[in-house]
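Please read the structure below before turning to the comments.
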Amino acid sequence: MRARYGVPLTLTAVGAAGLAYAAGFEVRSFRLRRVTVPVLPRGMRPLRLLQVSDVHMVGGQRKKQRWLRSLAGLRPDFVINTGDNLSDPHAVPETLDALGPLMEFPGAYVFGSNDYYGPKLRNPARYLLERAQGRHGLNGNAPAVGVVHNPWEDLRDAFDAAGWVGLSNTRGRLKLDGFEIALTGLDDPHIKRDRYAQVAGGPESGADLSLAVVHAPYLRSLDAFTADGYPLILAGHTHGGQLCIPFYGALVTNCDLDTDRVKGLSTHTVAGRTSYLHVSAGCGTNRYTPVRFACPPEATLLTLTARD
């Protein structure tokens with residue numbers, strides 16, 4: 001009897017404990033990642049860039065809101081929000097309340113699919129199947145039907161009123177204590193809203209630094225930004241894999257980026273040119289899969305330093 005039922009019961013107990021940890025602890029175990037990126041011209045003082053991504057706010061997430069507000073204590077030089085702020089069409093006020101202290105700093109933003117549309121309940125195994133078949137989002141899949149439309153215009157209007165620069169298929173600039181940062185952004189490639197032809201041409205002359213910003217790090221966007229000569233690309237979307245295997249890493253990225261670069265700082269090379277790429281693992285989850293394992297929620301403070 002023991003030999004017959006002991007192993008299944010043990011596996012069930014381990015699985016239940018892992019799920020309890022993923023849903024009860026790690027998903028609320030917020031972290032700050034710190035990285036240094038040498039992309040500034042020689043002689044320029046370091047700049048502190050705070051990247052916030054994939055908040056996926058749901059009403060009542062008080063701990064997440066308090067943590068986001070606390071990030072203002074870092075006193076960054078500027079903030080970049082790489083999208084997917086919502087996972088609840090009624091959470092715009094709480095999202096703005098949580099991000100309010102950060103909106104006192106210069107900043108810019110792009111939107112992701114979850115800013116525009118509410119999430120749908122999905123079988124998590126579909127992410128593995130789509131990865132194997134090379135289908136992600138609307139890239140090869142049929143368009144979503146019956147989706148909830150989020151009030152993203154309210155989010156946009158509040159960001160714009162705070163002075164944050166919208167970068168959906170457009171360019172913008174930030175002035176920081178005598179320095180000028182040129183920004184080029186795309187709307188979300190995950191739902192085929194990216195229009196690189198509208199922003200092509202590479203870094204702008206006259207700026208101290210040019211950065212590229214996109215929500216989902218699809219290779220077509222990374223290739224275009226890198227070929228045009230941007231020294232640093234910022235993205236989110238992947239959730240760092242969200243459910244990872246310890247000592248192995250992520251199983252999926254939910255786009256065509258490889259799992260080795262699912263989060264953190266790496267590089268991207270195309271046509272003999274190389275850009276730094278930073279992918280944020282984000283600080284939230286889809287409301288229907290509120291779990292993280294071996295991949296805690298995060299924001300990132302990037303210290304930009306002079307090139308060697």
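Whenever a residue of segment 48-63 is outside any strand (DSSP E or B), its partners that are at pLDDT below 95 and of a type in the set (S, T, N, Q), lying with C-beta atoms within less than 9 angstrom and at least six residues away or across chains, give the pairs 56/286.
Just one of the numbered conditions (1) within 17 Å of the chain's Cα centre (by Cα); (2) within 18 Å of residue 189 (Cα to Cα) is not true of residue 223: (1).
Of all residues in segment 118-145, those being at pLDDT below 80, surrounded by 11 or more Cβ atoms within 10 Å (Cβ to Cβ) and either in contact with a helix residue (DSSP H, G or I) (Cβ under 9 Å, 6 or more places away or on another chain) or not charged (D, E, K, R) (or both) number 3. In the set (1) open to solvent by 20 Å² or more (accessible area, probe 1.4 Å); (2) farther than 23 Å from residue 139 by Cβ; (3) of a type in the set (Lys, Arg), residue 292 fails one condition alone, (1).
Contact map, segment 94-108: first residue open to solvent by 20 Å² or more (accessible area, probe 1.4 Å), second residue among the basic types (Lys, Arg), Cβ cut-off under 6 Å, separation 6 or more or different chains; pairs are 101/69. Each residue in segment 155-188 was checked for being open to solvent by 40 Å² or more (accessible area, probe 1.4 Å), within 20 Å of the chain's Cα centre (by Cα) and either aromatic (Phe, Trp, Tyr) or over 20 Å from residue 217 (Cα atoms) (or both), and 2 pass.
In the set 210, 221, only one residue is assigned to a strand (DSSP E or B), crowded, with 19+ Cβ neighbours inside 10 Å and among the small types (Gly, Ala, Ser); that residue is 210. Residue 233 satisfies every condition listed in (1) open to solvent by 30 Å² or more (accessible area, probe 1.4 Å); (2) among the β-branched types (Val, Ile, Thr); (3) in a strand (DSSP E or B) except (1). The number of residues in segment 255-287 being in a loop (DSSP other than H, G, I, E, B), modelled with pLDDT of 95 or more and crowded, with 20+ Cβ neighbours inside 10 Å comes to 10. When the strands (runs of 3 or more DSSP E) confined to segment 75-180 are screened for residues that are among the hydrophobic types (A, V, I, L, M, F, W, C) and closer than 20 Å to residue 281 by Cα, those reaching at least 2 such residues are found at 78-81.
The values are calculated or read from the model by the stated rules, or taken from the named source; none is laboratory data. In this text the structure is predicted, and so the values were computed from the model without any measurement. Quick reminder, even Gly has a Cβ in these numbers, built from the backbone with ideal geometry, and neighbours come from all protein chains shown. What goes into the accessible areas is simple: the full protein's heavy atoms, side chains included, and nothing from ligands, DNA or RNA. Shrake-Rupley method; radii C 1.70, N 1.55, O 1.52, S 1.80 Å.
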